[in-house]
Amino acid sequence: MSAVLLLAFGVLCALLVPGVGVAFCILLLVIQIAFMAVRAAVARNDAPRLMQPGEVVAPVFSVHVATHEEPPLMVARTLQALAVQDWPAESYEVIVIDNNTADPALWQPVRDLCTRLGPQFRFVHRMGVTGAKAGALNIALEQTREDVTHIVTVDADYVVAPRFLGFAAQALRKTGADYVQFPQAYAGCARVAAGVDAELEEYFRTNAQMADGSEAVLLTGTLCVISRKALTAVGGWSGRTTTEDAEIGVRLCRKGYSGRFIDRIVGRGYLPFSLRDLEQQRHRWASGNLQTLILHSPAILFGRDDMGWHRRGAILTQLTAWLNLSLIPALLLLGGLLTGWGGNMLLMLAAGSVLLSFADIVGRLVWRGLRDETPWAVFAAAIAHRLALAPISALATIEVLAGRQMRFVVTDKTGTVRGRLYGFPIISFVLFTVAAFALPVALQDGWLTSAAILALMTPFPAALATARTLDRYRVILTRAGATA
């Protein structure tokens with residue numbers, strides 16, 4: 001049975017047998033409140049730990065750049081930035097692992113550039129790679145020089161600072177950590193997409209920073225530096241989830257390795273160029289992190305690994321950062337109002353769950369914006385962008401819980417215009433339309449259901465605003481030659 005049919009059947013049963021729906025909504029409310037309570041408890045100890053200097057041994061880095069159908073000139077900028085690092089040439093190498101790119105026009109120019117950059121750069125092209133990015137990174141790991149002490153991952157669109165490797169070595173020395181994670185940042189945002197940038201940055205400013213106090217920072221795929229010994233000790237990268245970075249972070253924590261967040265921007269990549277691409281990225285993050293949570297939940301919640309409660313809480317807050325449990329309550333609320341089924345108690349509980357999710361989204365970004373003294377226009381835009389992505393996060397959450405197999409989707413960085421409707425927020429539009437029909441009934445029912453229906457209508461205008469923002473961002477970067 002597909003996830004959609006399973007969802008429809010479950011909602012119908014809950015409406016026809018209100019006791020089932022009431023019990024389910026109570027369970028969801030308890031889970032939502034529990035996650036919020038854990039986040040609040042972890043936040044109390046979010047002060048960065050004191051630095052614990054490690055061994056004064058200069059690391060040898062192997063920088064791994066995984067590519068799949070990427071624009072060659074974009075990758076070239078990434079490699080040229082790595083070629084001018086203020087770090088001894090004999091103390092680092094760069095391995096470009098291109099996987100499953102069939103068109104030679106995309107991968108051969110990158111191969112030729114690696115040849116021109118010299119023996120420090122190696123290019124590997126493989127077809128039939130399984131496990132998506134994790135499979136590619138494992139191939140790069142196999143190709144790594146014997147004297148390498150640390151593995152560095154850099155996404156194909158990231159241009160790093162000349163002192164990136166120097167900063168990485170400094171961070172390892174000052175913290176004594178087994179791995180460190182630098183924040184993701186994006187080029188060209190200040191002019192048109194500061195709100196999108198702020199929405200994405202909130203993860204690092206909140207979740208990663210809180211986890212730093214427990215030395216339990218999870219990896220986020222790019223600008224991470226990992227001890228080779230630790231990476232091989234946990235078995236390398238795994239394609240069991242669509243967020244191989246977070247998954248290996250959990251395994252590193254379970255084995256007792258320490259991970260720190262380094263709050264320094266050392267490189268910038270590109271935002272997704274359309275709402276559809278941003279939605280696909282968020283779907284992958286939400287579904288992959290929930291897959292990881294389910295995979296490791298026995299160990300995180302009940303295991304005997306050498307992790308205290310605060311470390312477990314820090315891992316849990318990071319894995320649930322994109323979680324959204326409001327899809328079923330939203331459907332129960334809409335279905336109950338439009339059909340008259342379910343009863344008043346079910347409507348109130350479903351509305352409460354929807355509003356709690358809405359308050360969590362808004363509250364986290366407001367708290368972050370006030371704490372960082374972010375201009376109100378920027379964090380208001382960030383709230384709008386987070387609301388625009390709420391339906392896709394909720395869909396990803398329910399798909400994983402229903403057992404649907406997830407596919408790794410690479411974020412498109414070509415800037416190709418794929419039709420006027422490509423970035424149209426279809427899910428948000430349907431939600432808005434159905435909620436609009438339910439609004440007159442909700443207004444008669446009371447303030448709680450009315451507020452919940454209005455909350456369900458907000459993602460659509462927010463998504464339209466986000467789509468326009470990303471379209472302007474794409475145009476500016478395309479004119480600047482970023483997507484060539």
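Annotations
- Pair list, Cβ < 6 Å and 6+ apart or interchain, from the range 33-49 residues that are modelled with pLDDT under 90 to residues that are surrounded by 12 or more Cβ atoms within 10 Å (Cβ to Cβ) and among the polar types (S, T, N, Q): D46/Q209
- Figure legend. Inter-residue proximity from the range 360-377: first residues within 16 Å of F204 (Cα to Cα), second residues of a type in the set (K, R), beta-carbon distance below 8 Å, spacing 6+ or different chains. Indicated pairs: I361/R386; L365/R386; R368/R205; D372/R205; T374/R368.
- Residue match in the range 81-97 (condition: more than 25 Å from the chain's Cα centre (by Cα), within 27 Å of G128 (Cα to Cα) and surrounded by fewer than 17 Cβ atoms within 10 Å (Cβ to Cβ)): no
- Qualifying residue in the range 396-407 (condition: part of a helix (DSSP H, G or I), in contact (Cβ under 8 Å) with a residue 60 or more places away in the chain and loosely packed, with under 15 Cβ neighbours inside 10 Å): no
- Condition check for F437: more than 30 Å from V75 (Cα to Cα), surrounded by 18 or more Cβ atoms within 10 Å (Cβ to Cβ) and aromatic (F, W, Y): no
- Residues being hydrophobic (A, V, I, L, M, F, W, C) and surrounded by 19 or more Cβ atoms within 10 Å (Cβ to Cβ) - total across the range 419-431: 1
- Members of the range 455-484 that are touching a Pro at 6+ places or on another chain (Cβ under 8 Å) and more than 14 Å from V192 (Cα to Cα): P459, F460, A463, L464, T483, A484
- Hits in the range 434-467 - residues which are farther than 12 Å from L334 by Cα, in contact with a helix residue (DSSP H, G or I) (Cβ under 9 Å, 6 or more places away or on another chain) and either assigned to a loop (DSSP other than H, G, I, E, B) or among the aromatic types (F, W, Y) (or both): G446, T458, F460
- Answer from A132, A136 - the residue that is at positive phi and under 27 Å from the mean Cα position of the chain (by Cα): A132
The values are calculated or read from the model by the stated rules, or taken from the named source; none is laboratory data. Since the structure is predicted, the reported quantities are computational estimates derived from the model, not experimental observations. No Cβ is skipped: glycine too gets one built from the backbone with ideal geometry, and neighbour counts run over all protein chains shown.
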